[in-house]
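K.L.:
I have a structure I would like to understand better, so I am pasting it below and will then ask my questions one at a time.
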C-alpha cells in the first residue's frame, strides 16, 4: 500500500516528478491515508468515468490533514512521528456514496468502519505545529467526483451506491505542497501503536 509517484498534482499545477524540497517558509503539509490496490484503481476509474479531470493525477485517499502551514518541516515530521507511534493499525470499510452538495460540489465514498479512528487521527495530527482552523468540519471520505456537472454527480452517487470494500490502514503519507502547486510525498509513516 502506498504511493508510487513522488508527486501529486493539485488544481494549480501539472504533474511531474521530483525528489528535492523547494525551500519555503512556512512549509505546507498534507497527510493522507492512501487507498491500496485494487480499490485505488477501481475508484480512480470511477472518478474518471464521471468526468473529473483530477482522476488521472490524484490517487484515491482519505485526507487526514488538508493543506496546513507548519513553522518548519522538521517540527512537522517530529509531530507526525509521535502521533503515528501511538496509533495502532485499524480497518477502514468504504461503503456507498454521498455528496457534500449544496455546500461543496463533491461526491464521495463513505468511510463506515474506521470513521472514528480517522477522526481521532485528524484531531491528534491537526495540533501542535499543525494546529490549523479548517473551513469545514472534518469528515473522512474518499472523493470520487469534484467540480463536475450536476448530472455527473447524480450519476456518481447512483453508480457507487452499492460500493463496498475494506482494507487495513497501517501507514499514512506525509506530503509537502511545493511552490509549483504540486504535492510531493515526503515520507510514509507506519502506525506503530
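The values are calculated or read from the model by the stated rules, or taken from the named source; none is laboratory data. Just so it is clear, the model here is predicted, and its values are computed rather than measured. Positions of Cβ are backbone-derived with ideal geometry, glycine not excepted, and every protein chain shown enters the neighbour counts.
K.L.:
So which residues in region 100-132 are buried (at least 18 other Cβ atoms within 10 Å of the Cβ), farther than 25 Å from residue 193 by Cβ and in contact (Cβ under 8 Å) with a residue 40 or more places away in the chain?
P.N.:
106, 107, 109, listed by residue number.
K.L.:
Hey, does region 73-89 have a residue that's part of a strand (DSSP E or B), buried (at least 17 other Cβ atoms within 10 Å of the Cβ) and in contact (Cβ under 8 Å) with a residue 60 or more places away in the chain? Step through it out loud before you land on a result.
P.N.:
If we filter region 73-89 for residues that are part of a strand (DSSP E or B), which is where we start, we get none.
So far as region 73-89 goes, no, none of its residues is part of a strand (DSSP E or B), buried (at least 17 other Cβ atoms within 10 Å of the Cβ) and in contact (Cβ under 8 Å) with a residue 60 or more places away in the chain.
K.L.:
A further question on this structure: Which condition number in (1) within 18 Å of the chain's Cα centre (by Cα); (2) farther than 15 Å from residue 67 by Cβ; (3) surrounded by fewer than 16 Cβ atoms within 10 Å (Cβ to Cβ) is the one that residue 189 fails?
P.N.:
With respect to (1) within 18 Å of the chain's Cα centre (by Cα); (2) farther than 15 Å from residue 67 by Cβ; (3) surrounded by fewer than 16 Cβ atoms within 10 Å (Cβ to Cβ), residue 189 is out only on (3).
K.L.:
Among the residues of region 34-47, are any modelled with pLDDT under 95, surrounded by 19 or more Cβ atoms within 10 Å (Cβ to Cβ), over 13 Å from the mean Cα position of the chain (by Cα) and not in a loop (DSSP other than H, G, I, E, B)?
P.N.:
Keep residues of region 34-47 that are modelled with pLDDT under 95, which gives none.
No, region 34-47 contains no residue that is modelled with pLDDT under 95, surrounded by 19 or more Cβ atoms within 10 Å (Cβ to Cβ), over 13 Å from the mean Cα position of the chain (by Cα) and not in a loop (DSSP other than H, G, I, E, B).
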